[in-house]
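Mind looking over this structure? Questions follow.
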Amino acid sequence: MKKIRALYFLIAALLLLLACNLMSRPATNPTPLGSSPAETSPTSANSQTTSGMQSKALAAIQYVPGSSQKICQLVGETDREFNQPTANQTESRYGLVGDDLGYSFESNGKLFFLFGDSSPTSTFNGKPNLGKDPPRDPDDNDAIAFTTDTSLNLCIKLNFITDSIDAYKNPVVLNAQGQLAITLRAFEIPIAGINDNGKMYVIFATDHVGAFSTRTVVGGSDDDANTFHYLYDFSKGSDAKFINVAIANGNDGYLYFWGTQGGNLYRKSPPFLARKPIGSMNSLTGIEYLHAVNPNGSPVFMPNESDAMPLFHDDLQGQQVSDCMGELGVNWNPFVKRWIVLYNCLNDTPANPRGIYMRTALQPWGPWSAAQTIFSPVMDGGYCHFIHRAVSAQNPTACDNLSDPGRVDVNGGDYAPYFISRFTTGDAAGATSTFYYTLSTWNPYTEVIMKTTIQAQTP
């Protein structure tokens, strides 16, 4: 009996010692970024600058130099580079001279394109067609088109949503009383769209203050983009981080939203990430914002937009942070098995000339690879070919005939690289892919379709 009692006390002592040891260990719950040392807290991607922490697997996906090429000019009557009719001849078919942007998304078998700040012809079908001419409204000046083409060939054929005189229609967002819920003037535009459970939803940017819009709202359409009804504000206020937005289905039960800031932080923003369950686009309920990434790679999402932390920062040579994001496109590429983000950046360094940047990641939250310039208007045949180079004291002789009337002293640009996912091709075994995207050129005021090839880097 004494031996049993002694054994009992020995076991009890061991259990007590084990409990004390467990209680003395530090907690492993995620800690908000910036509140504790990096080795004990989740890792924010805001430490992932161009020269910061990188994933070897992600860095293996490389842009193939020289592969970024123009396929066609998407809108306008004449391709400015070749002085040939465009595939869509939008002036004679829809009364549309030019526009920019061109975010695309699939909805009910059609590929829709969202165009911003569109310029109408003075008349169409013998009727007035300018911004103040009914049925147009001076508070709305954008356009929406779609295609059913399943291959690019030389270009794609667009069909625009039309108004009562059969010209392109300016989309509006209506409130419950059938009145305009928001304005869509200059720099107030349809930003991104998605089909969720069979219904079309489009994020619109409005409340232009400073350089760009400062609020986004969600509009729903039951009639293939002919009518939109206001549903809710998506991002607003001084902490708004989702003004320019890209949307994708994560195939994990969530819709993901990558966003950047607006107003005077337009094209000076880092990117942020949010998500909400598939099937929930009819309200803001369920949205959550990426706050951190744990050391094991798992994300930490929180319910308030103010909790959203940057995915990464861009920098200049010497580690000086220089965020440059505005418009952005994001897409999952099944051939290289990576998320890819494209964005225009004016930073100009030896490693990355200004132009269209690309980064890749295994997960929507990263870690994101270092930036690569996949299109430089200087080195990749943009200027003097399909992007106007301004006539100036530095360049007194014109190198092209691309300029819009009265704008020969205005440089063209390269911005808004939005994926056209329907046409992505590739070889999964060889880990190579060619993707297509729209690119706006400012002068001429239009957009073109581009293609770029990427591949896994060989050891």
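Coordinate-derived values only; no laboratory data. Owing to the predicted nature of the structure, the values given are computational and were not obtained by experimental measurement. With ideal geometry, Cβ positions are generated from the backbone for all residues, glycine too; neighbour counts draw on all protein chains shown.
Near Leu346, within a Cβ-to-Cβ distance under 9 Å, what is the net charge of the other residues, with Lys and Arg +1 and Asp and Glu -1?
Values: positive: Arg267, Arg354; negative: Asp348.
Combined, the nearby Lys, Arg, Asp and Glu give +1.
Here is a further query. Please work out the C-alpha center-to-center distance from segment 196-216 to segment 111-176 and express it in whole Å.
Here the answer is 18 Å between Cα centres.
May I ask for the net charge around Asp137, where only other residues with Cβ less than 15 Å from the Cβ of Asp137 are counted and Lys, Arg are +1 while Asp, Glu are -1?
-3
For the charge dipole of the chain, defined by +1 on Lys and Arg C-beta atoms and -1 on Asp and Glu C-beta atoms about the Cα centroid, which residue among Gln394, Gly263, Leu130 has the Cα displaced farthest towards the positive pole?
Of Gln394, Gly263, Leu130, it is Gly263.
In this model, which of Lys236/Lys268; Lys276/Lys337; Lys70/Lys169 are farther than 25 Å apart at the alpha-carbon?
As for pairs spanning more than 25 Å Cα to Cα, those are Lys70/Lys169.
Calculate the tail of P(r) for segment 190-301: the fraction of all Cα-Cα distances greater than 16 Å, expressed in %.
59
Per DSSP helix of 4 or more residues, -39500 (n - 2.57); summed, then divided by the residues of the chain. What does that give at 222 nm, rounded to the nearest 500?
-2000 deg cm²/dmol
A further question on this structure: Only one of the listed values, (i) 22.5, 81; (ii) 25.3, 111; (iii) 23.7, 78, was derived from the coordinates as Rg and Dmax of the Cα atoms in Å; which label is it?
Answer by label: (ii).
Give me the distance between the Cα centres of segment 57-92 and segment 277-342, rounded to whole Å.
Using only Cα atoms, the two centres lie 28 Å from each other.
Could you give the dipole magnitude of segment 53-456 about its Cα centre, charging the beta-carbon of Lys and Arg +1 and that of Asp and Glu -1, in debye to the nearest 20? Show your work: numbers first, answer last.
On the way: 27 positive and 40 negative charges, 147 e Å.
Dipole about the Cα centre, nearest 20: 700 debye.
At q = 0.12, 0.22 Å⁻¹, what is the base-10 log of I(q)/I(0) for segment 236-288 according to the Debye formula with one equal point scatterer per Cα and no solvent? Please give it to two decimals.
-0.28, -0.81
Here's a follow-up. Once each part is reduced to its C-alpha centroid, what is the distance from segment 344-358 to segment 228-254 in angstrom?
One Cα centre to the other: 27 Å.
Which entries in the list Lys110/Lys241; Lys110/Lys199; Lys157/Lys241 go over 24 Å, if you measure between the two C-alpha atoms of each?
Table pairs above 24 Å Cα-Cα are Lys110/Lys241; Lys157/Lys241.
Taking only Cα atoms, what is the 0 to 90° angle, nearest 10, from helix 2-24's long axis to the longest principal axis of the chain?
30
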